[in-house]
Amino acid sequence: MTNKKWAVKRLTINLAVSEAEKLEQYCAMTGRPATDVIRELLRSLEVEEKK
């Protein structure tokens, strides 16, 4: 039996050149991978729960 820490879904996004450059610069500055940065940004979004 495989123990998976994460159930993963691959996502492809299109970014403007300026957006991609900004992400690359931030990652270089912080030493963090883009995946971690994007995950953190998504987690910070406030979404209303459906009732």
On the basis of being of a type in the set (A, V, I, L, M, F, W, C), part of a helix (DSSP H, G or I), open to solvent by 100 Å² or more (accessible area, probe 1.4 Å) and at negative phi, does LEU41 make the cut?
yes
Residue check for VAL8: without any contact (Cβ under 8 Å) to a residue 40 or more places away in the chain and open to solvent by 80 Å² or more (accessible area, probe 1.4 Å)
yes
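The values are calculated or read from the model by the stated rules, or taken from the named source; none is laboratory data. Small disclaimer: the values here were computed from a predicted structure and weren't measured. For neighbour counting, all protein chains shown are included, and Cβ atoms are generated from backbone atoms with ideal geometry for every residue, glycine included. The area values use the complete protein model at the heavy-atom level, side chains included, leaving out ligands, DNA and RNA. Shrake-Rupley method; radii C 1.70, N 1.55, O 1.52, S 1.80 Å.
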